[in-house]
Each structure stands twice: as C-alpha cells, then as structure tokens.
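The values are calculated or read from the model by the stated rules, or taken from the named source; none is laboratory data. Every value quoted in this text rests on a predicted model; they were computed, and no experiment measured them. Virtual Cβ from ideal backbone geometry, glycine too; neighbours counted across all protein chains shown.
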Amino acid sequence: MTYSIASLVAGALTGHRRWKPAWRKPEPKPSYDVVVVGGGGHGLATAYHLAATFGIRNVAVVEKGWIGSGNAGRNTTIIRSNYLLPGNVSFYELSMKLWERQEADLNFNTMVSQRGVLNLYHSDSQRDAYARRGNSMRLNGIDAELLTREEVMARHPYLDYDNARFPIRGGLLQRRGGTARHDGVVWGYARAADRLGVDIIENAEVTGFLREGGRIVGVETSRGAIRAGKVGMAVAGNTSRVASLAGLRLPIESHVLQAFVSEGLKPTVDGVITFGAGHFYVSQSDKGGLVFGGDIDGYNSYAQRGNLPVIRDVCEGGIAVMPMIGRARILRHWGGIMDMSMDGSPIIDRTPIDGLYLNAGWCYGGFKATPASGMTFAHLLARDAPHPTATLLTLDRFRSGAVVDEKGMGAQPNLH
Ligand SMILES: Cc1cc2nc3c(=O)[nH]c(=O)nc-3n(C[C@H](O)[C@H](O)[C@H](O)COP(=O)(O)OP(=O)(O)OC[C@H]3O[C@@H](n4cnc5c(N)ncnc54)[C@H](O)[C@@H]3O)c2cc1C
C-alpha cells in the first residue's frame with residue numbers, strides 16, 4: 001500500500017481497519033545473496049539500497065532484538081554535514097542530500113526538519129577554527145554561515161551571552177542541518193526494503209559465522225543457520241563482540257552515550273544548538289521536550305545505561321549556556337552503546353576475511369550518516385569496490401596512519 005492523502009482518506013472512511021503491517025515477519029530462508037547483520041538504521045538502509053539501487057533483492061536483515069532497538073532508536077536525531085576533512089565532508093554531504101529526498105524515496109514521513117544546526121563559539125581562536133570549518137564546507141558546496149554574537153542573540157535570546165567564563169561570541173550555522181525522527185527512519189527503511197522483497201528477521205541473534213575454507217559463507221543465529229553469498233556487519237556498539245565471533249580484533253572501543261528529554265514545553269528552541277566550551281547540545285522535539293546530551297562515559301561498557309558523572313557534566317554544560325534549562329524537569333534519560341573508532345571516523349570496508357564486510361566506527365554521529373552509510377555499504381557489497389565518497393573510510397588506515405582525525409585528538413576514542 002502506498003501512503004498518500006488518498007490512502008489516508010480511504011483509511012479514515014473505512015474506520016482504519018484496512019491498514020496492513022508495514023513489513024512482513026518472514027521465516028528465514030536457508031540462503032540469501034547477502035545477509036546484513038543488525039537491524040538498526042544502517043543495516044536497514046543498506047538492505048534498502050541493495051534492493052533499490054543495485055537490484056539485489058535476495059537479501060535478509062538479521063536483528064537480535066526488534067529493529068531500531070539499538071542506537072537507531074536512542075539517538076538525539078541530529079542531522080548535519082558540517083565536517084572539515086576530506087573523507088568526511090563529501091560523505092556526510094551525500095547523506096544530507098539523501099535526507100533531503102528521503103521521504104519521497106521511502107514514501108514515509110521521517111519528519112526531516114531542516115531547522116538549522118548552530119555551533120556556538122566562545123573565543124577568538126574558536127571563531128578562527130569555525131571560520132576554517134565553514135570555509136572548507138563552502139569550498140565543497142555546503143552551506144555555512146559564521147554568525148556574530150548579535151545574530152545569534154536574535155535567533156536565541158534565552159542563551160547566557162555574558163557568562164563570565166564562556167561568553168558567547170557567535171556561531172557557525174548550517175541552515176540545512178536539523179533533525180529527523182529516528183524511529184521513523186528505521187520504519188521507513190524497513191517498509192521500503194520489505195516492499196522490494198528484503199526479509200527482515202527479528203529476534204535472531206547472530207551467534208557465529210559459517211566458514212568454508214577461509215571464506216565466510218553465512219551466519220549461525222538463534223533461529224538457525226543462514227547461508228549467504230556475502231555477510232555485511234552493521235551492528236554499531238556490538239561491533240567488537242560480533243567481529244570476535246569471526247576471530248577479528250578491530251580498532252574500536254564501545255562506550256555508553258547518554259541522552260535526556262525534558263517535560264514538554266512551549267516552542268522555545270528553534271533549531272539545534274551546541275555549546276562550544278563543553279560537551280552539551282540541545283534541540284526541542286515536536287512534542288515540546290528539550291532533547292539534550294553531552295559526552296560519552298569515559299570507560300568501556302556494553303550496558304545501555306550511563307552513570308552520574310556524565311549526567312552532572314551535561315547539566316553543568318546546559319546551565320552554563322542556557323540557564324533556564326535548570327527550571328525544566330527531566331522526563332526520561334537513557335543510554336546507547338557507541339562503536340568508537342580510534343580517529344572518530346567510520347569504517348566502510350571489506351575485512352581481511354573473504355565474504356565478510358564491515359560497517360562500523362560511527363561513534364556518536366552515525367544517525368546523520370544513515371542514508372549515506374546504507375548507500376555506500378550497499379555499493380561495497382554489490383560491487384566489491386568502495387563507493388567514491390567512502391574511499392578514505394578504510395580499515396587499513398589504522399595500519400598505514402592515513403587516519404581521518406576530524407577532531408585532531410589522536411587515537412583517543414574517549415575524546416572523539
Ligand atoms: C544517546 C545517543 C545520542 C545520539 N545522538 C546522535 C545524533 O544526534 N546524531 C547522530 O548523527 N548520531 C547520534 N547518535 C549515534 C547514532 O545513533 C549511531 O551512530 C547509529 O544509530 C549507529 O548505527 P545503527 O543505527 O545501525 O545502530 P543500531 O541501531 O545500534 O543498530 C545495530 C543493531 O545491531 C543489532 N545487533 C547487535 N548484535 C547483534 C547480533 N549478534 N546479531 C544480530 N543483531 C545484532 C542491535 O540489536 C542493533 O539493533 C547517538 C547515539 C546515542 C546512543
């Protein structure tokens with residue numbers, strides 16, 4: 001069924017009894033051309049592009065829980081392409097372009113809202129760094145504007161401009177950045193992939209890999225063995241665990257990232273704002289809640305919950321830049337597991353094992369990458385060659401030293 005005004009009106013006239021489930025619940029087949037492990041945004045987008053862009057429809061997505069139960073359904077929904085370095089700039093801009101046509105492509109309301117992403121700066125040196133980033137963006141055809149303090153004040157009068165330690169001097173604005181509804185993105189890709197014949201198999205945990213000779217030829221799951229011509233891993237925070245089932249040790253650490261949402265408030269925060277002097281960012285959901293977050297927890301963990309020092313750090317950042325947030329009550333707070341790579345940039349590459357392909361290292365920025373990640377990983381799986389925008393996102397860069405170190409933090413995942 002195609003979603004449209006006509007189908008909505010028809011549904012209303014028939015008591016909404018004719019709607020069909022948005023995707024099937026198939027039993028796994030014995031074999032597929034491609035099995036994608038992980039039913040988050042990236043796994044589902046990959047399956048969608050395999051079918052829609054590359055015509056490979058004999059595909060299964062194997063998910064250990066329910067689709068979107070990982071980071072795809074836990075993130076703070078920010079999308080942007082305000083990157084500096086080759087390797088990231090064109091990749092994230094491809095993603096932004098795909099966001100801009102996503103609802104039409106998927107025939108699904110993913111609530112893409114280009115409300116703007118504003119990075120505040122608080123010192124002269126930070127302004128210079130943001131000017132450089134903005135110039136790099138513009139040279140690559142991406143929108144970027146360096147705003148003065150007064151221009152920021154006109155957009156967001158409620159921020160603390162005269163904070164003695166962190167006075168706001170201005171900001172770098174990407175107007176095309178914004179938010180999208182995270183679970184809507186999962187459902188949209190799932191439905192569109194399913195309509196093209198992709199099997200989405202939930203409650204099937206991958207527990208091992210099938211091998212013949214040196215090659216991976218399928219997966220063992222809690223619902224039985226499934227053979228595959230190729231296996232793509234897109235398991236985000238569980239990357240190290242799943243890779244270890246194939247005997248791979250990767251340059252990835254898992255850390256928790258927490259997020260928060262306040263009670264519903266009247267429309268206040270018109271866009272996404274990031275604090276430049278600490279790790280705090282905020283936007284307002286369409287329901288009115290202030291959605292905010294900060295840094296990852298400093299130690300490795302696979303638990304989807306965080307601890308108090310980071311909560312305190314996020315609150316300190318929030319109060320420093322936006323004192324009124326202290327009056328809002330927290331409604332919910334949660335955590336997800338981040339696959340932190342050593343340079344803060346992702347990996348979309350073949351592994352050293354034939355038949356096994358890797359999509360990982362998304363750190364806390366993988367939601368915005370979902371469309372491009374799906375497109376480029378599908379390209380790699382279909383053609384056995386990297387997509388032109390993902391040629392630098394290799395696994396080998398950690399051996400050769402050609403890292404894509406956007407933040408210049410070195411091999412320090414807890415700082416990326
Ligand atoms: C609190 C928080 C805030 C964030 N905010 C943002 C943001 O504002 N903007 C942004 O761009 N990014 C953000 N991110 C990061 C972003 O959510 C992730 O980088 C991205 O979702 C990762 O890709 P994914 O959607 O495929 O991951 P996931 O949804 O985690 O998908 C991986 C899937 O693999 C499944 N899986 C794991 N092991 C197995 C197995 N053995 N067998 C089968 N399936 C398995 C998991 O159950 C999971 O569903 C945030 C993350 C968190 C937690």
Just checking, how many residues over region 239-272 are farther than 23 Å from residue 42 by Cβ and within 18 Å of the chain's Cα centre (by Cα)?
1
Counting only residues that are more than 11 Å from the ligand (Cβ to nearest atom) and surrounded by 15 or more Cβ atoms within 10 Å (Cβ to Cβ), give me the helices (runs of 4 or more DSSP H) lying completely in region 304-416 with at least 3 of them.
308-321, 370-383
Of everything in region 1-44, what is outside the structural domain of residue 65 (by TED's automatic domain parsing) and assigned to a helix (DSSP H, G or I)? Give them in sequence order.
5, 6, 7, 8, 9, 10, 11, 12, 13
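Per-residue answers, yes or no, for (1) small (Gly, Ala, Ser); (2) more than 26 Å from residue 290 (Cα to Cα):
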{"residue": "43", "(1), (2)": "yes, yes"}
{"residue": "51", "(1), (2)": "yes, yes"}
{"residue": "55", "(1), (2)": "yes, yes"}
{"residue": "71", "(1), (2)": "no, no"}
{"residue": "90", "(1), (2)": "yes, yes"}
{"residue": "94", "(1), (2)": "no, yes"}
When residues of region 242-278 are limited to those that are in contact with a His (Cβ under 6 Å, 6 or more places away or on another chain) and more than 14 Å from the ligand (Cβ to nearest atom), the one farthest from residue 127 (Cα to Cα)
277
Unmet requirement for residue 85, which otherwise passes all of (1) more than 30 Å from residue 22 (Cβ to Cβ); (2) in the same structural domain as residue 367 (by TED's automatic domain parsing); (3) in a strand (DSSP E or B)
(3)
Sort out which residues of region 206-224 are touching a strand residue (DSSP E or B) at 6+ places or on another chain (Cβ under 6 Å), closer than 24 Å to residue 68 by Cα and more than 9 Å from the ligand (Cβ to nearest atom), and write them in order of number.
208, 209, 218, 220
Checklist (1) in contact with an Asp or Glu (Cβ under 9 Å, 6 or more places away or on another chain); (2) among the aromatic types (Phe, Trp, Tyr); (3) over 19 Å from residue 228 (Cα atoms); (4) buried (at least 21 other Cβ atoms within 10 Å of the Cβ) applied to residue 91, failing item:
(1)
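Examine region 376-389 for a residue that is over 13 Å from residue 339 (Cβ atoms), within 16 Å of the chain's Cα centre (by Cα) and either among the basic types (Lys, Arg) or not assigned by TED's automatic domain parsing to the domain that holds residue 236 (or both), and state whether such a residue exists. Quick ask: steps written out before the conclusion?
Applying the first criterion (over 13 Å from residue 339 (Cβ atoms)) to region 376-389 yields 376-389.
If we keep only those that are within 16 Å of the chain's Cα centre (by Cα) too, we end up with 376-377.
Those still in the list that are either among the basic types (Lys, Arg) or not assigned by TED's automatic domain parsing to the domain that holds residue 236 (or both) too: none.
Among the residues of region 376-389, not one is over 13 Å from residue 339 (Cβ atoms), within 16 Å of the chain's Cα centre (by Cα) and either among the basic types (Lys, Arg) or not assigned by TED's automatic domain parsing to the domain that holds residue 236 (or both), which makes the answer no.
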Give me the pairs: first residue in region 352-363 and touching a residue at least 40 places away in the same chain (Cβ under 8 Å), second residue surrounded by 24 or more Cβ atoms within 10 Å (Cβ to Cβ) and among the aromatic types (Phe, Trp, Tyr), beta-carbon distance under 6 Å, and six or more apart or on different chains, which are they?
359/377
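Might you let me know whether region 99-111 holds any residue that is at pLDDT 95 or above, over 30 Å from residue 217 (Cβ atoms) and β-branched (Val, Ile, Thr)? I'd like the intermediate steps shown before the answer.
Looking only at region 99-111, we keep the residues that are at pLDDT 95 or above, and these are 99-111.
Now restrict to residues that are over 30 Å from residue 217 (Cβ atoms): 99-111.
This time we only want the ones that are β-branched (Val, Ile, Thr), so: 110.
Yes; the residues of region 99-111 include at least one that is at pLDDT 95 or above, over 30 Å from residue 217 (Cβ atoms) and β-branched (Val, Ile, Thr).
Based on this model, can you work out whether residue 69 counts as within 12 Å of the ligand (Cβ to nearest atom), free of Cβ contacts under 8 Å to residues at least 40 places away in the same chain and either under 27 Å from residue 229 (Cβ atoms) or assigned to a loop (DSSP other than H, G, I, E, B) (or both)? Explain how you work it out, then say what you get.
Numbers: within 12 Å of the ligand (Cβ to nearest atom): yes; free of Cβ contacts under 8 Å to residues at least 40 places away in the same chain: yes; either under 27 Å from residue 229 (Cβ atoms) or assigned to a loop (DSSP other than H, G, I, E, B) (or both): yes.
Yes.
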Here's a check for you: in region 183-205, which residue that is out of contact with any helix residue (DSSP H, G or I) (no Cβ under 6 Å at 6 or more places or on another chain) and not acidic (Asp, Glu) is farthest from residue 20 (Cα to Cα)?
204
